[in-house]
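Read the structure below first, then the notes.
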Amino acid sequence: MKAINSTKAPSAIGPYSQAVSKDGIVYVSGQLPIDETTGEFAGVDIASQAKQSLENTKYILEEAGLEMKDIIKTTILLKNIEDFAVVNEIYGQFFTAPFPARATYEVARLPKDALIEIESIAKK
């Protein structure tokens with residue numbers, strides 16, 4: 001197993017890697033909407049936060065030599081499922097058909113009180 005870390009994405013906030021690669025598959029840890037340059041959330045609204053979570057994912061994949069089109073599965077955790085439509089709109093800006101498989105869940109609380117967290121699995 002090989003750890004993957006991008007200086008463009010925020011560091012892990014616990015004892016885990018931003019991503020790991022094993023047998024040609026890259027597992028990207030859940031990405032909070034933190035802007036690495038400021039250390040803060042990209043914004044207070046779901047659109048800004050969804051975009052930043054996906055940008056962080058993109059930076060990590062680039063470090064692994066992959067692109068967003070290489071993602072085969074995502075899991076989206078939302079503080080409020082009512083944000084589903086807005087997240088879909090932002091999400092659609094990062095992917096084209098064939099789209100990755102996906103699951104989306106509303107959760108009681110996310111780290112740092114984020115509105116969203118997105119994890120991904122990618123393979124070239």
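The values are calculated or read from the model by the stated rules, or taken from the named source; none is laboratory data. These numbers come from a predicted model, not from an experiment. Ideal geometry is used to build each Cβ from the backbone, glycine not excepted, and the neighbour counts take in all protein chains shown. Just the protein is used for accessible areas: all its heavy atoms, side chains included, with ligands, DNA and RNA removed. Shrake-Rupley method; radii C 1.70, N 1.55, O 1.52, S 1.80 Å.
Accessible surface area normalised per residue over the stretch 50-124 is 54 Å², counting heavy atoms of protein chains with a 1.4 Å rolling probe.
Here the 3J(HN,Hα) profile of the stretch 62-71, calculated from phi with Karplus coefficients 6.51, -1.76 and 1.60 at θ = phi - 60°, is 4, 4, 8, x, 10, 10, 4, 5, 8, 6 Hz, Gly and Pro shown as x. Spin-label model, residue 12 to residue 107: label points 7 Å out along the Cα-to-beta-carbon direction sit 1.5 nm apart. Checking the Cα-Cα distances for 79/124; 73/112; 8/51; 22/51 against a 22 Å cut-off, the pairs over it are 79/124; 73/112; 22/51. Annotation: amide H of residue 18 within the under-5 Å range of 4, 12, sequence separation 5 or more or interchain, hydrogens built in the peptide plane.
Along each principal axis, taking the top coordinate minus the bottom one, the Cα set of the chain gives 37, 32, 23 Å in descending order.
By the helix-only formula, in which each DSSP H run with n ≥ 4 contributes -39500 (n - 2.57) and the sum is divided by residues, the chain has a 222 nm mean residue ellipticity of -7000 deg cm²/dmol. Using C-alpha pairs below 8 Å separated by at least 6 residues, the relative contact order for the chain is 32 percent.
Here the Gaussian network model covers the chain, with springs between Cα atoms less than 10 Å apart; of 14, 92, 65, 14 fluctuates the most. Estimated translational diffusion coefficient (Stokes-Einstein, Kirkwood radius over Cα pairs, 4 °C, 1.567 mPa s) of the stretch 12-52: 111 µm² per second. Report the one residue of 10, 98, 111 whose Cα lies farthest in the direction of the positive end of the charge dipole of the chain (charges on C-beta: Lys and Arg +1, Asp and Glu -1; origin at the Cα centre). So the residue we want is 98.
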